[in-house]
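A quick write-up on the structure given underneath.
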Amino acid sequence: MELSDCSNEYEKLVVRMNMPRVVIDNGVCPTSTVVKIDSARSPGILLESVQLLTDMNLWIKKAYISSDGKWNMDVFHVSDLNGNKLTDENLIRYIEKSIETSHYCKSEGYTGLTALELTGTDRVGLLSEVFAVLADLHCDVVEAKAWTHNGRIASMIYVRDGSSGTPIDGDSDRVQRVEGQLHNLLKADDGYQNDTRTCVSYGGNTHMERRLHQRMFMDRDYEKKFDSETSPVVSVQNLEKRGYSVVNLQCKDRLKLLFDVVCTLTDMAYIVFHAAIRTVGETAFLEFYVRHSDGNPVNSEPERQRLIQCLQAAIERRTVKGVRLELCTTDRLGLLAEVTRVLRENGLNIARAKISTKEGIARNVFYVTDANGKLIDPEIIKSIREKIGIDDISVKESFPLSCRETVEKEEQKQEQQHHQARIGGGAVLLSLGSLVMRNLYQLGLVKSYF
């Protein structure tokens, strides 16, 4: 046997010894499924585990995270969106296999597409102008997400050539035109260094929400002052004897909360050694014992304040704002430009957007407000429907701000059902949401539906 072969076998043995071990138990807790993960300490391993659980829309109600030397021991209490234990054996096996292989990466179907990453100053009509530029350059938008926070916007947009369906990155002149025109749209004389970036998606490995957090963090969206009455409560204190900084957070519980916090700690190069997460009613309490990657705790007041601001921003970015409009129709080139133009002409601002295209069907969700961030007059919604064309595109759901949490939960529930169907090998069915809308109307959560 060659020496190189011995080395390869030894490396394989080390990998197998250090693979995470997962146990999923439904008998320990009466209200949730317990996911126990033992793994060798490595950069980003905690974020990988949390990302996997949240990508399947599992609600993490309680967690204990501990690092003993070079080994991690993490325990998550999870439930589905209805608050029930996990009973789908296919889903349970998928979780076990994904964690144990240590190579988890959610495939979002972005192979063969070009990814555009945008950050800049938010304003009414900006996304409409972006989609109009892409339509003029014959770029077909396949998937996209956009977040706004503190007057800033970050977006990831996956495009392909409108005629051939191939990536556009092979044409350097065309890429330069796209970058140049988008960069001009995002310019603002406000002291921020705005930029656009174009890159190729290799095998769909880019996690969109992970990347949006990074883009907004790099854009320093956390620097504006928060409203102390509504901002998440965050404190940072040093535990001198143990050499840790203790980070405590208190805020309203919601889906993906732990993911958003761990993303930010990771981006800021803080390592979590111990943590405890619990929920009481609708309030979440999170406590982390961290050190910087250099081995030191927080060692200055400016660093402490920056950590607090960044964690507050991470929690606030995903906050649902405004009325939720869902449009479902046959996809075509320029569709987004047409729809967002109508929203812009009616003075509506897109606070958050999620664009997806599957099997020729476009499902676009927008959270919109008026130009001042206030609720929209219902008459404007009717006018929008008339201008877009009721027979061509229908507004599936239109909800007031008071029931936005119910809407968000229903949207995540649909995604979870689609994901579980894919895991089990069944056909993924597209839910149009009309039954959800009717049920909410009967419960009195909305006054009317179209």
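To keep it simple, each residue is scored yes or no on (1) buried (at least 20 other Cβ atoms within 10 Å of the Cβ); (2) closer than 30 Å to Leu343 by Cα.
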| residue | (1), (2) |
| --- | --- |
| Lys62 | no, no |
| Phe76 | yes, no |
| Thr87 | no, no |
| Glu100 | no, no |
| Gly112 | no, no |
| Asp122 | yes, yes |
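If I filter the range 150-196 down to residues being assigned to a strand (DSSP E or B), β-branched (Val, Ile, Thr) and modelled with pLDDT of 85 or more, which single residue comes out as nearest to Glu117 (Cα to Cα)?
Pass one, the range 150-196, residues assigned to a strand (DSSP E or B): 152-161, 196.
After this cut, where a residue has to be β-branched (Val, Ile, Thr) as well, the list is 153, 157, 159, 196.
Filter again for modelled with pLDDT of 85 or more, leaving 153, 157, 159.
On the way: Ile153: 11, Ile157: 7, Val159: 11 Å.
If we take residues in the range 150-196 being assigned to a strand (DSSP E or B), β-branched (Val, Ile, Thr) and modelled with pLDDT of 85 or more, then Ile157 is nearest to Glu117 (Cα to Cα).
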Count of residues meeting criterion [surrounded by fewer than 19 Cβ atoms within 10 Å (Cβ to Cβ), modelled with pLDDT under 90 and not basic (Lys, Arg)] in the range 89-98: 2
Selection from the range 326-372 of residues that are assigned to a helix (DSSP H, G or I) and either out of contact with any Phe, Trp or Tyr (no Cβ under 6 Å at 6 or more places or on another chain) or without any contact (Cβ under 8 Å) to a residue 12 or more places away in the chain (or both): Leu335, Glu338, Val339, Arg341, Val342, Leu343, Arg344, Glu345
Tally, over the range 335-382, of residues that are under 19 Å from Ala135 (Cβ atoms) and acidic (Asp, Glu): 2
When residues of the range 235-275 are limited to those that are of a type in the set (Gly, Ala, Ser) and open to solvent by less than 40 Å² (accessible area, probe 1.4 Å), the one modelled with the lowest pLDDT: Gly243
Search result, residues across the range 274-325 that are more than 29 Å from Thr369 (Cβ to Cβ), among the hydrophobic types (A, V, I, L, M, F, W, C) and not in a strand (DSSP E or B): Val298, Leu307
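How many residues are basic (Lys, Arg) and either in the same structural domain as Phe259 (by the TED database) or touching a strand residue (DSSP E or B) at 6+ places or on another chain (Cβ under 6 Å) (or both) if we restrict to the range 297-317? Write out each step before concluding.
Applying the first criterion (basic (Lys, Arg)) to the range 297-317 yields 304, 306, 317.
Okay, now just the ones that are also either in the same structural domain as Phe259 (by the TED database) or touching a strand residue (DSSP E or B) at 6+ places or on another chain (Cβ under 6 Å) (or both), so 304, 317.
The total comes to 2.
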Number of the condition not met by His183 [criteria: (1) touching a Ser or Thr at 6+ places or on another chain (Cβ under 9 Å); (2) open to solvent by less than 40 Å² (accessible area, probe 1.4 Å)]: (2)
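Among the candidates Glu129, Glu143, which residue alone is open to solvent by 30 Å² or more (accessible area, probe 1.4 Å), of a type in the set (D, E, K, R) and assigned by the TED database to the domain that holds Leu336? Steps first, answer last, please.
On the way: Glu143 fails: open to solvent by 30 Å² or more (accessible area, probe 1.4 Å).
Going through Glu129, Glu143 in turn, the sole match is Glu129.
The values are calculated or read from the model by the stated rules, or taken from the named source; none is laboratory data. Everything numeric in this text was worked out from a predicted model, so none of it was measured. Virtual Cβ from ideal backbone geometry, glycine too; neighbours counted across all protein chains shown. With ligands, DNA and RNA removed, areas are computed over all heavy atoms of the protein, side chains included. Shrake-Rupley method; radii C 1.70, N 1.55, O 1.52, S 1.80 Å.
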